[in-house]
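The structure appears right after this line, and notes come after that.
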Amino acid sequence: MTPTERDSGAMHLRAADALAQLEAAKAKRFIELFKHGSLSVEYYAPRGTDPQTPHSRDELYVIASGRGIFWNGSVRAPFHPGDLIFVAAGVPHRFEEFTDDFGTWVMFYGPEGGERA
């Protein structure tokens, strides 16, 4: 985020830029790109497996690329680019059988305290 973007009251993030920052961070599966109030926006791109554990804040995923199966603790359903997935705080969940190009925006919100595992 540039100082101009930060000061403008608006934000424009691109998936390709987020992925480049994530790859530059080496050995991470996610990178936080924006924070405002209780909202935290990350880009998440696990490789191989998704080791998530339940979070203490609600979250939204917007699938940027790739396909696979999303498990929400009781149901498995396919996901595709453009899908939006909501997960309530405390619900076990993970992405499974995803393609190598899988990447998703993640928006955590609500009371502080929950961070990605």
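Brief remarks on what is shown
- Between residue 36 and residue 69, the simple spin-label model (points 7 angstrom out along Cα→Cβ) gives 3.8 nm.
- For the residues 93, 55, 12, a GNM of the chain with alpha-carbon springs under 10 Å puts the largest fluctuation on 12.
- Label sites at residue 49 and residue 77, each approximated as a point 7 angstrom past Cα along Cα to Cβ, lie 2.6 nm apart.
- Correct option for Rg/Rh (Cα atoms, Kirkwood Rh) [calculated from the coordinates] among (1) 0.95; (2) 0.92; (3) 1.04: (1)
- Positive minus negative residues near residue 71 (Lys, Arg vs Asp, Glu; Cβ under 15 Å): -2
- Normalised contact order of the chain, rounded percent, pairs of Cα under 8 Å and 6 or more residues apart: 29 percent
- Additional length obtainable on full extension of the chain from residue 101 to residue 26, 0.36 nm per residue less Cα span: 25.4 nm
- Helical runs assigned H by DSSP (4 residues or longer) give the chain a calculated mean residue ellipticity at 222 nm of -3500 deg cm²/dmol, each run adding -39500 (n - 2.57) before division by the residue total.
Taken together, the values in this text are just the output of simple stated rules run on the coordinates, not laboratory data. If you're wondering where the values come from, they're calculated on a predicted model, not measured in any experiment. Heads up, the Cβs are rebuilt from the backbone with ideal geometry, glycines too, and the neighbour counts pull from every protein chain shown.
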